[in-house]
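Chemist: Take this structure first; my questions come after.
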Amino acid sequence: MIAVGIDAGSTATKAVLIDGDKIKALIRPTGWSPRQAGRDIYAELLNREGYSAKQIDKIVATGYGRIALDLAQQKVTEITCHAKGAAFLLPGADMVIDVGGQDSKVIKIDPKGKVLDFAMNDKCAAGTGRFLQVTAAALGLDVSELPEFSQVEKPVNINNICTVFAESEIIGLLAQGIKKEAIVAGLHLAVAKRVAAMVKRMSSGKQIVFTGGVALNHSVQKYLEQELGTKLYVPKYCQLAGALGAALLGLEV
Amino acid sequence: MADYRQMWTSLGMDLENHDKLCEVLPEVYTNVYLSQDNRPEGMDYFNFVVAEIHGVRPAELIEHQKKGGKVFGTFCIFVPDEIIFAAGGIATGLCGGSQFWVPGGEKVLPANTCPLIKASVGARLDKTCPFFRIADIYVGETTCDGKKKAWEILAEDVPVYVMDLPQMKRAKDIAAWEDEIKLFLAKVEETTGNKVTPEALGEKIKLINAKRKALARLHGARKNATLPISGKDVLLATQVSFYDDPTRFIEQTNSLCDEIEGRVAKGEGVFPADTPRIMITGSPMAIPNWKLHHIVETSGAAVVVEEMCTGSRYYENLVDETQTTLDGQIRALAERYMKINCACFSPNTNRITDIIRLAKEYKVDGVLDTNLKFCSLYATESYNVEKALKEAGIPVMHLETDYSEQDAEQLRTRIEAFLEMLR
Ligand code: SF4
Ligand code: SF4
């Protein structure tokens with residue numbers, strides 16, 4: 001049986017194909033049309049790996065654009081898919097923390113990757129990649145540069161949870177002559193605290209998989225580990241957990 | 001809708017703005033309600049009531065006023081309708097459930113006020129709801145802070161009478177509510193110019209009890225494995241019960257019940273057999289707020305019970321009908337009303353007991369614990385609600401939302417994920 005999972009996220013669309021023990025994956029920008037992005041990535045993945053559409057038994061869509069993906073036979077939310085994907089990436093995992101561009105979620109899972117409970121922040125930019133994007137811009141930096149900037153300094157305290165206010169707070173800090181490095185570290189700590197608060201409301205897991213775009217930022221990871229008092233496992237393909245989970249679910253039925 | 005423009009004009013309404021509301025409602029109603037499959041025929045009555053929402057019932061109220069009768073607008077299920085009807089008045093619910101009225105409320109209220117209060121104040125000040133224009137007097141209560149202050153603002157525009165609701169449930173609090181009902185009775189007599197006799201009050205106690213029984217019967221039909229009616233339809237009937245003529249409502253609802261009980265007997269449901277059964281609990285859903293029910297029921301689940309003021313809190317517990325003196329009747333009213341478990345009370349552990357009891361009675365698979373944005377009472381209480389439900393092994397998810405549509409897709413994702421978790 002061969003299954004494809006497509007995760008149409010707000011910024012990137014991810015596709016994973018599972019054929020026995022072979023796993024193939026692709027990441028592309030979503031652009032303005034998730035439906036088109038889904039079709040394109042599917043065609044490209046099949047083409048690149050030498051499969052024809054007839055060989056594919058099941059396509060499962062997830063992510064915010066899943067509704068638009070008319071080529072999928074099944075649509076499953078990103079929460080269920082992330083849980084499934086994370087359990088595969090770290091056998092024995094009991095929790096997933098996913099911090100993406102637009103939202104963050106904490107999912108408790110059982111050994112099979114079934115969701116036991118979850119919490120989600122999708123209303124407010126605090127504790128998401130968006131918070132880092134906006135505040136990095138206020139420092140004249142790109143998000144990708146943030147990790148290297150936060151290496152040494154002791155973090156300065158960022159008091160504002162609200163992204164918009166945090167932005168003006170940063171400008172104030174710069175005016176006081178506080179070093180960029182300390183501010184960047186402070187921003188990472190602020191994100192980590194927000195996410196940690198969400199985790200603690202649910203009681204923390206012991207084997208935690210950290211996924212989503214923000215998981216690529218080692219500094220956030222470090223502070224989050226500090227806040228939670230436990231190590232986090234960041235899979236190499238941390239952005240693919242959703243699509244991987246979707247493909248795995250496709251194999252199940 | 002028949003032409004009621006002249007009536008609206010004489011009510012001093014803002015017709016231009018009101019037209020905009022009249023334009024959107026039918027479309028929303030078609031989407032949310034008329035698109036459902038296999039609806040009971042008895043829902044035709046409620047379709048009619050909604051189609052004519054700003055026409056038929058307002059015209060009846062005006063007719064009543066022409067004959068010298070008074071109309072009392074209420075906002076909370078603690079206000080004893082029995083007294084109003086016993087004095088020959090008519091009670092009508094006024095809670096606003098549409099985003100349409102929210103900006104009007106925001107002109108005078110802080111933005112971080114719950115949408116129910118904002119919509120209610122906006123509906124009055126913007127002159128876009130006939131019910132808010134018709135009511136001779138509003139009856140407020142000291143429940144949450146937002147409402148307490150809103151009465152003061154509304155009182156500049158319309159007569160408002162406020163009942164002082166205790167916030168605890170000791171014997172002395174029940175006695176205090178009894179006193180408040182007495183004061184209210186005097187106010188109602190003064191406003192209507194009619195005396196409340198024990199005979200009249202006894203009769204109206206029976207009438208409102210009959211309404212509660214009809215609602216309990218309608219809601220209770222969803223205890224069956226076969227669901228003969230959607231949660232959306234039951235919510236709608238409940239919302240209508242707040243302002244419809246009680247006698248007609250009882251008749252129509254009972255005949256709807258005859259029909260759906262017949263469906264149960266034949267095993268004819270409106271959802272597939274294995275549909276997950278959901279309870280919604282939390283702050284009230286005033287008409288036309290159908291948002292959460294609609295999302296749940298278009299995501300593959302059914303709402304089978306509502307522990308809310310537009311649900312079990314409204315119809316559970318009857319008033320003792322055996323009292324023959326005014327004092328005895330008022331005592332009976334106070335005792336019944338003080339059984340309502342609103343989050344404005346401390347402690348409010350009986351609400352949690354109710355939720356767990358209802359979850360068992362209605363065999364729910366999961367609970368959506370919700371509150372309107374900025375309703376700090378229900379938002380704060382959700383901590384204990386969730387804890388108790390988790391201890392009882394009942395899956396629960398907390399949701400906070402308002403009347404706007406902007407979070408609909410995010411809510412849908414959460415609700416779908418919750419349902420996937422239940423499978
Ligand atoms: S929630 Fe409380 S204050 Fe609001 S209508 Fe219900 S009983 Fe009244
Ligand atoms: S929903 Fe909450 S804040 Fe709004 S009126 Fe009711 S109790 Fe008050």
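The values are calculated or read from the model by the stated rules, or taken from the named source; none is laboratory data. These numbers come from a predicted model, not from an experiment. Here the Cβ positions follow ideal geometry from the backbone for every residue, glycine too, while neighbour counts run over all protein chains shown. Protein only, heavy atoms only, side chains kept; ligands, DNA and RNA dropped before computing areas. Shrake-Rupley method; radii C 1.70, N 1.55, O 1.52, S 1.80 Å.
Chemist: Criterion first (over 21 Å from B:Phe418 (Cβ atoms) and touching a residue at least 12 places away in the same chain (Cβ under 8 Å)) does A:Ala86 satisfy it?
Modeler: Against the criterion (over 21 Å from B:Phe418 (Cβ atoms) and touching a residue at least 12 places away in the same chain (Cβ under 8 Å)), A:Ala86 does not qualify.
Chemist: Residues that are more than 14 Å from chain A (Cβ to nearest Cβ), farther than 24 Å from B:Ser346 by Cβ and within 16 Å of ligand 1 (Cβ to nearest atom): find the helices (runs of 4 or more DSSP H) completely inside segment B:111-167 holding 3 or more of those.
Modeler: Filter on segment B:111-167 gives B:115-125.
Chemist: Checking B:Glu52 against (1) surrounded by 14 or more Cβ atoms within 10 Å (Cβ to Cβ); (2) modelled with pLDDT of 95 or more, which test does it fail?
Modeler: (2)
Chemist: Being open to solvent by less than 30 Å² (accessible area, probe 1.4 Å), within 18 Å of B:Val139 (Cβ to Cβ), in contact with a Phe, Trp or Tyr (Cβ under 9 Å, 6 or more places away or on another chain) and modelled with pLDDT of 95 or more, is that true of even one residue in segment B:38-47?
Modeler: The answer is no; no qualifying residue exists.
Chemist: Please work out if A:Gly38 is surrounded by 15 or more Cβ atoms within 10 Å (Cβ to Cβ) and either among the small types (Gly, Ala, Ser) or assigned to a strand (DSSP E or B) (or both).
Modeler: Answer is yes for this residue.
Chemist: OK, next. Here is a check on your reading of the model: is B:Thr238 assigned to a helix (DSSP H, G or I), touching a residue at least 60 places away in the same chain (Cβ under 8 Å) and of a type in the set (Val, Ile, Thr)?
Modeler: Yes, satisfied.
Chemist: Do any helices (runs of 4 or more DSSP H) lying entirely in segment A:79-194 carry at least 2 residues that are open to solvent by less than 10 Å² (accessible area, probe 1.4 Å) and either within 14 Å of chain B (Cβ to nearest Cβ) or not basic (Lys, Arg) (or both), and which ones are they?
Modeler: A:129-138, A:163-175
Chemist: If you don't mind, there's one more thing I want to ask. Scanning segment B:399-422 for residues that are outside any helix (DSSP H, G or I) and more than 9 Å from every other protein chain (Cβ to nearest Cβ), which turns out farthest from B:Cys342 (Cα to Cα)?
Modeler: B:Gln406
Chemist: Can you name the condition, by its number, that B:Cys76 falls short on among (1) over 20 Å from B:Leu15 (Cα atoms); (2) open to solvent by 40 Å² or more (accessible area, probe 1.4 Å); (3) within 16 Å of ligand 2 (Cβ to nearest atom)?
Modeler: (2)
Chemist: From B:Thr142, B:Thr92, B:Thr113, grab the single residue that is open to solvent by less than 20 Å² (accessible area, probe 1.4 Å), within 15 Å of ligand 2 (Cβ to nearest atom) and closer than 24 Å to B:Tyr314 by Cβ.
Modeler: Only one candidate passes the filter, namely B:Thr113.
Chemist: Taking segment B:363-391 as the search range and keeping residues that are surrounded by fewer than 22 Cβ atoms within 10 Å (Cβ to Cβ) and aromatic (Phe, Trp, Tyr), which one is nearest to B:Asp402 (Cα to Cα)?
Modeler: Looking at residues that are surrounded by fewer than 22 Cβ atoms within 10 Å (Cβ to Cβ) and aromatic (Phe, Trp, Tyr), I get B:Phe374.
Chemist: Could you check segment B:1-56 for helices (runs of 4 or more DSSP H) lying wholly inside it with 3 or more residues that are closer than 21 Å to B:Leu235 by Cα?
Modeler: Of the helices (runs of 4 or more DSSP H) lying wholly inside segment B:1-56, those with at least 3 residues that are closer than 21 Å to B:Leu235 by Cα span B:15-29, B:43-51.
Chemist: Could you tell me how many of the residues in segment A:41-68 are open to solvent by less than 30 Å² (accessible area, probe 1.4 Å), out of contact with any Ser or Thr (no Cβ under 8 Å at 6 or more places or on another chain), away from chain B (no Cβ under 14 Å) and among the aliphatic types (A, V, I, L, M)?
Modeler: Number satisfying all stated conditions: 3.
Chemist: Do the conditions hold for A:Gly250, that is, is it more than 28 Å from B:Lys387 (Cβ to Cβ), out of contact with any helix residue (DSSP H, G or I) (no Cβ under 8 Å at 6 or more places or on another chain) and open to solvent by less than 40 Å² (accessible area, probe 1.4 Å)?
Modeler: Yes; evaluated as a whole, the condition is true for this residue.
Chemist: What about B:Asn350, is it open to solvent by 30 Å² or more (accessible area, probe 1.4 Å), within 16 Å of ligand 1 (Cβ to nearest atom) and out of contact with any Gly (no Cβ under 9 Å at 6 or more places or on another chain)?
Modeler: yes
Chemist: Under 22 Å from the mean Cα position of the chain (by Cα), open to solvent by 70 Å² or more (accessible area, probe 1.4 Å), at pLDDT 95 or above and more than 14 Å from every other protein chain (Cβ to nearest Cβ): which single residue out of B:Arg336, B:Arg357, B:Arg331 fits that description?
Modeler: Matching residue, one of B:Arg336, B:Arg357, B:Arg331: B:Arg357.
Chemist: Report, by residue number, each residue of segment B:328-387 that is outside any helix (DSSP H, G or I) and either basic (Lys, Arg) or away from ligand 2 (no atom under 16 Å from the Cβ) (or both).
Modeler: Across segment B:328-387, the qualifying residues are B:Met338, B:Lys339, B:Pro347, B:Tyr362, B:Lys363, B:Val364, B:Asp365, B:Gly366, B:Val367, B:Lys373.
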